[in-house]
Amino acid sequence: MLSKLKMAIVYGAICGGCDVSIVNMGEKLADILDKYDIVYWSVAVDGKLDLLKSIEGIDVGVFMGGVRTSAHLEIAKLLREKSRLVVAYGSCAVYGGIPGLASLYKPEEIASIVKSTISTVSREEGSLPKELELPKLLDICHPLVDVLDPDILAPGCPPSDKICDGLADILLKYSSGWRPEGKIFLGEENTLCSNCPRKPEDLSKIIMPGIYRIHEVKIREDKCFLEQGILCMGPVTRIGCDHQCIRNNMPCIGCMGPVSSVDDSGLEMVSSIASLLHVDRERELLEKGLAKELDKIVDPIASFYRYTLPRSLLLKIALKKRGGGE
Amino acid sequence: MGGKSVIIAFLCRWCAGAAADLAGVSRLHYPANVIPVIVPCTGRVTPRAIVEAFLNGADGVFVGGCHTPSDCHYMSGNFKAFKRVYLLKKLLKQYGIESERLRIEWISATESQKLVRVLEDFVKEIEGLGKLLR
């Protein structure tokens with residue numbers, strides 16, 4: 001091939017972790033750069049919106065982060081228009097991610113919280129230059145899939161080495177003429193528990209002996225987290241991370257999101273907690289005791305929906321109730 | 001969308017559902033807004049099913065099961081239902097949805113009058129809250 005393919009990397013609401021994970025690809029990144037020219041990437045190649053507008057025929061467009069403001073929406077649509085292949089990179093683009101947690105509040109509430117809590121900058125109305133127009137906050141932090149149809153979804157916070165390898169392989173194959181059929185969702189269609197290195201004592205009967213936070217108990221490194229009373233999102237989270245957290249003695253927090261057949265993993269997790277918690281002592285604890293135990297889950301949304309809140313069914317109801325839904 | 005509120009009642013086949021049957025046979029009236037769904041056990045009513053009911057226009061969801069600790073036909077289905085409903089109510093609250101829209105009660109097969117009383121009370125409460133989705 002004479003000329004290289006064009007790749008653009010574009011941001012939504014992002015923390016920067018996804019960029020690091022791309023740089024972290026190491027040698028694979030060098031292979032990709034043999035085949036691709038990165039024509040737009042704010043962190044490496046300086047770029048403004050006008051530059052993106054001027055580039056024609058992008059082969060691969062990578063979108064990172066959620067769609068929080070009107071500016072993100074504009075740039076996402078521009079990317080779809082110009083790119084043959086769009087990659088939703090990272091959990092924010094696929095599910096809404098951490099910035100998605102702010103979807104619980106109305107845009108005006110978020111703006112007023114920000115204005116009232118930043119004390120180091122004077123935020124008087126008149127202090128902004130008149131010609132500067134800030135982008136508007138959208139009703140919620142949308143995942144990219146809400147606003148356009150990506151061809152490749154690479155979840156993870158940030159996407160793990162395994163997901164990055166998968167993506168690199170796809171990009172290299174693409175550069176040699178291969179074309180994907182339909183949408184590609186990286187990661188396996190199975191839950192983390194299915195090949196977890198921490199085997200429970202009895203696979204058919206896991207009992208949660210209460211609910212503890214990680215600093216409250218001494219965690220055994222060879223035993224299932226749920227069996228030790230620690231919330232682990234493994235039962236509802238797709239594989240693709242090589243059990244990084246689990247191997248480092250930390251429970252899963254669900255950054256990979258659910259398998260594609262499940263659209264609301266939080267509700268499934270509520271269901272599984274109910275089936276596991278104190279199943280041996282229900283008759284002794286009764287409703288009162290069980291309620292007391294369940295109250296130890298201080299922040300259920302952050303426990304069950306840390307990365308997938310914008311896609312939860314209950315948020316749909318809350319938005320309709322708020323009167324701001326689609 | 002105005003009109004009467006709609007309530008979906010998941011009743012277990014062995015206790016609350018049987019009580020609803022008994023209420024019918026004894027010609028007891030209960031509010032017509034209640035749509036009963038008879039399930040084998042309340043332990044099998046998933047949070048997803050409850051949320052789906054709300055999404056499809058229910059203003060309240062009622063779960064009726066067997067008395068704790070030992071009436072459940074399947075040993076402990078009612079406890080599972082209790083834990084699911086309790087957690088779901090906590091979630092509803094966090095989302096800013098009135099958690100009173102979801103209620104769980106234990107009603108045995110002979111307590112048809114209790115079922116009627118509880119449902120009437122629930123309907124009144126839901127009507128006080130108004131429609132969930134406008």
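The values are calculated or read from the model by the stated rules, or taken from the named source; none is laboratory data. Keep in mind that this is a model prediction, so the values were computed, not measured. We place every Cβ from the backbone using ideal geometry, glycine too, and count neighbours over all the protein chains shown. Surface accessibility is based on the protein's heavy atoms, side chains included, excluding ligands, DNA and RNA. Shrake-Rupley method; radii C 1.70, N 1.55, O 1.52, S 1.80 Å.
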Table column - 3J(HN,Hα) (Hz), the range B:121-128, Karplus curve with 6.51, -1.76, 1.60, x for Gly and Pro: 5, 5, 4, 4, 5, 5, 5, x
Candidates per trypsin sites (Lys or Arg not before Pro) in the range B:2-38, loop by DSSP, up to 10 other Cβ within 10 Å: B:ARG27
Extension gain from A:VAL298 to A:ARG283, taking 0.36 nm per residue of separation minus the Cα-Cα distance: 3.0 nm
Accessible surface of the protein assembly as shown [probe 1.4 Å, protein heavy atoms]: carbon and sulfur percent: 54 percent
List of the range B:76-115 residues, accessible area with partners at least 30 Å² below that of the chain alone (1.4 Å probe): B:PHE79, B:LYS80, B:PHE82, B:LYS83, B:ARG84, B:TYR86, B:LEU87, B:LYS90, B:LEU91, B:GLN94, B:TYR95, B:ILE97
Alpha-carbon centroids, the range B:112-134 and the range B:1-41: separation in whole Å: 12 Å
Solvent-accessible area per residue for chain A (1.4 angstrom probe, square angstrom): 49 Å²
Net dipole in debye of the range A:219-325 [+1 Lys, Arg Cβ; -1 Asp, Glu Cβ; about Cα centre; nearest 20]: 500 debye
Calculated FRET value between B:GLU125 and B:LYS93, using beta carbons and R₀ = 25 Å, to 0.05: 0.95
Heavy-atom surface of the range B:21-133, accessible at 1.4 Å and reported per residue (Å²): 43 Å²
Antiparallel content of DSSP bridges confined to the range B:7-126, in %, to 5: 0 percent
Candidates A:GLU27, A:GLU133, A:GLU216, ranked by Gaussian network fluctuation over chain A, Cα under 10 Å, top entry: A:GLU133
Top positive-direction residue, dipole computed over the range B:7-126 with Cβ charges, set B:PHE62, B:TYR95, B:ALA20: B:TYR95
Chain B, helix-only ellipticity at 222 nm - DSSP H runs n ≥ 4, -39,500 (n - 2.57), divided by all residues, nearest 500: -13500 deg cm²/dmol
No Cys partner within the rule (Cβ under 4.7 Å), chain A: A:CYS15, A:CYS18, A:CYS92, A:CYS141, A:CYS164, A:CYS193, A:CYS196, A:CYS224, A:CYS232, A:CYS241, A:CYS245, A:CYS252
Given charges at beta-carbon only (K, R positive; D, E negative), |dipole| of the range B:7-126 in Debye: 380 debye
DSSP-defined antiparallel bridges as percent of all bridges, the protein assembly as shown, nearest 5: 15 percent
P(r) histogram, all alpha-carbon pairs of the range A:64-118 included - 5 Å bins from 0, percent: 4, 17, 20, 24, 16, 10, 6, 3, 0
Choice from B:ALA18, B:ALA109, B:ALA32 with maximal GNM fluctuation in chain B (Cα, 10 Å cutoff): B:ALA32
For chain B, built as a Gaussian network whose Cα springs stay under 10 Å, the top-fluctuating residue of B:GLY24, B:GLY65, B:GLY96: B:GLY96
Hull shadow area, averaged, the protein assembly as shown [alpha-carbon convex hull, nm²]: 26.6 nm²
Taking N as its residue count, the alpha carbon Rg of the range B:7-126 over 2.2 N^0.38 Å: 0.98
